[in-house]
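Before any comments, here is the structure.
The values are calculated or read from the model by the stated rules, or taken from the named source; none is laboratory data. For clarity, every value in this text was computed on a predicted model and none was experimentally measured. As a convention, Cβ positions derive from the backbone with ideal geometry for all residues, glycine included, and neighbour counts pool all protein chains shown.
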Amino acid sequence: MRNSAKILSEWERKMLEKEYKFLLTREQYDALKEYFQWNNTFEQFNYYYNDMDNYIYNNNITVRIRERNGKFKLQTKMNVYNNGALAIKEEKELDVDGAYALIQPEILKNMIGYMCRDIHKVGVLKTYRDVCTKFQNVEICLDMNEYLSIVDYELEIEYTSENGADSMLRQMVKKFGLQLEKKTEGKNSRFFHELKHFC
């Protein structure tokens, strides 16, 4: 069996991800789950990677292989802009055939612009996700995450139009007590923070 994932497509997808992210209490999670009509529910796995020199971690780069419905995507995220709960990131992805122990340095260099050494898998985060796409220009994701010894709850509001997001945010901030000014660390940062204490 191979140690490193095989690329299934040479087509590299690149996009700017614009989203508001909020960590939730269990009570907020339950209230949101009841409030919206979710048109898709699924499980996904994020397999996280770091390199022997900690370049990936020290530069706050997300390198993961995401598994959903038996399909795998190598994904990278690099910060573009942060302001409170708002995060804008450059995201790239490639189709691969599995979540293997190692990622070939040449592949990752094409995605993040740096040649890392010994890019190895360090762990996995499992997400139970509900998705609502009933609002124009906005996708709402409600997540319950399990990783290491942690279970946490998270709301992501991804948008393609600021007008659509603004209206939705005003409604949800008021109804569910969300904090726009507070920065929420992403899944990658939370996973690695916990990993330091777990080891």
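Can you say whether residue 149 is farther than 25 Å from residue 15 by Cβ, without any contact (Cβ under 8 Å) to a residue 60 or more places away in the chain and exposed (fewer than 15 other Cβ atoms within 10 Å of the Cβ), as far as the supplied structure shows? Lay out the reasoning, then the answer.
On the way: farther than 25 Å from residue 15 by Cβ: yes; without any contact (Cβ under 8 Å) to a residue 60 or more places away in the chain: yes; exposed (fewer than 15 other Cβ atoms within 10 Å of the Cβ): yes.
Here the answer is yes, as residue 149 does meet what is asked.
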Contact list, first residue from the stretch 64-78 and of a type in the set (Phe, Trp, Tyr), second anywhere and in a strand (DSSP E or B), beta-carbon distance below 8 Å, six or more apart or interchain, is 72/65; 72/66; 72/95; 72/96
In the stretch 12-50, residues that are under 30 Å from residue 102 (Cβ atoms), at pLDDT 95 or above and exposed (fewer than 14 other Cβ atoms within 10 Å of the Cβ) total 2
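How many residues does the stretch 20-42 contain that are in a loop (DSSP other than H, G, I, E, B) and in contact with a Leu (Cβ under 9 Å, 6 or more places away or on another chain)?
Restricting attention to the stretch 20-42, the residues satisfying the condition of being in a loop (DSSP other than H, G, I, E, B) are 25, 36-39.
Still in the list and also in contact with a Leu (Cβ under 9 Å, 6 or more places away or on another chain): 36, 38.
Qualifying residue count, the stretch 20-42: 2.
If a residue counts only when it is under 13 Å from the mean Cα position of the chain (by Cα), which helices (runs of 4 or more DSSP H) contained entirely in the stretch 104-199 have at least 2 such residues?
On the way: elements: 105-112, 162-176, 187-198.
Where helices (runs of 4 or more DSSP H) fall fully within the stretch 104-199 and carry at least 2 residues being under 13 Å from the mean Cα position of the chain (by Cα), they are 187-198.
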